[in-house]
Amino acid sequence: MPVERGRVRIGSSDDNGLVLDAEQEILPSHLQIEVESRRGIVLTVLSEGAKVWVNARPVREKAILRVGDSVVAGLVRMVLKSDEDPVEASEQPLTGTAAEQMGPTLPMLRAHQGPYFGQGLALGASTDFGADPSCKVQLDEPEGVAQLMRVDARAGLLRLKVSAADKQVEVNGVLVSSAMLQSGDQIALQNNRFVVEAPGWGGADTQAPSKTKPAVTQVGRPLVVPPEADETQKGESTVDWVILAAAIVTIGALGVLVYLQFWGT
């Protein structure tokens, strides 16, 4: 269901942009997702008693969303993904200067779900994730995979590689086996969720295969996008207000001078 500039309402009644089955504990007007210019992507609960969770946390009124978030409405799970899929990384490991040698600010992952919640995990040249004690980040995941994935950080690039091929790792809501990461990307496992905090890091791997256009898995009703004001009209409107304000100030000043000339002491 594409969500462009504007908003989409989700519920069981036919007047919603995305209609879900009422038998899945969906109310007639359940929730709304809106893209705002200032706050970003905002979720609003529309009805009292509507069951909504974002990344396993209940939402009563509003929540700020990011790409890759898991939204559960009633018994329906949805994932927010971007227009483009993450860039797949090449099979060749990253080379170049390691992250810890590039300056005082290290790229890191901020845990948003799981045992590391709230912690910032600094990324070195190579950071292994898994259940094995040798892994820098030990994960609480089903089946206890010894080494689930690795994140390399070298020469300003971040590369994620899933070591266990049969395990699911999402980047920005898309299942990946490898991906080039950028600041703001969200990595989601089953019990853990991390957001990349690495200003100035990221970019395409020169050896990575070209990006493919993402597949549309479901097409909903087209959203009605409010038209944007023409830039020329905006500029003309601003100039008009400035001229009007100047005229008012000038008239006021002349009135004061006339008063002082004839009636002032």
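What are the principal axis extents of the Cα atoms in region 98-200, in Å, biggest first?
Here the spans come out as 38, 28, 25 Å, largest first.
With labels modelled as points extended 7 Å from the Cα through the Cβ direction, what inter-label distance (nm, one decimal) is found for residue 259 paired with residue 76?
About 6.5 nm separates the two model spin labels.
Rounded to the nearest percent, how much of the accessible area of region 1-113 (1.4 Å probe, protein heavy atoms only) is carbon and sulfur? Don't jump to the answer; show the numbers that get you there.
Values: 3110 of 6500 Å².
The computed percentage sits at 48.
What is the dipole size for region 56-116, taken about its Cα centre, with +1 at each Lys and Arg Cβ and -1 at each Asp and Glu Cβ, in debye to the nearest 20? Write down the numbers at each step before the final one.
Values: 7 positive and 8 negative charges, 113 e Å.
For this selection, approximately 540 debye.
How big is region 1-121 along each principal axis, measuring the range of its Cα positions in Å and listing the largest first?
Extents along the principal axes: 56, 30, 29 Å.
Can you sort 39, 9 by 1.4 Å-probe accessible area, starting with the largest?
Values: 39 125, 9 75 Å².
Ranked from most to least accessible, the order is 39, 9.
Over region 7-148, give the accessible area per residue in Å² for a 1.4 Å probe, as an integer. Could you put the intermediate results ahead of the total?
On the way: 7800 Å² over 142 residues.
Heavy-atom SASA per residue in region 7-148 reads 55 Å².
The values are calculated or read from the model by the stated rules, or taken from the named source; none is laboratory data. What you see is a predicted model, and the numbers here were worked out from it, not measured in a lab. Positions of Cβ are backbone-derived with ideal geometry, glycine not excepted, and every protein chain shown enters the neighbour counts. Heads up: the accessible areas ignore ligands, DNA and RNA and are worked out on the full protein's heavy atoms, side chains in. Shrake-Rupley method; radii C 1.70, N 1.55, O 1.52, S 1.80 Å.
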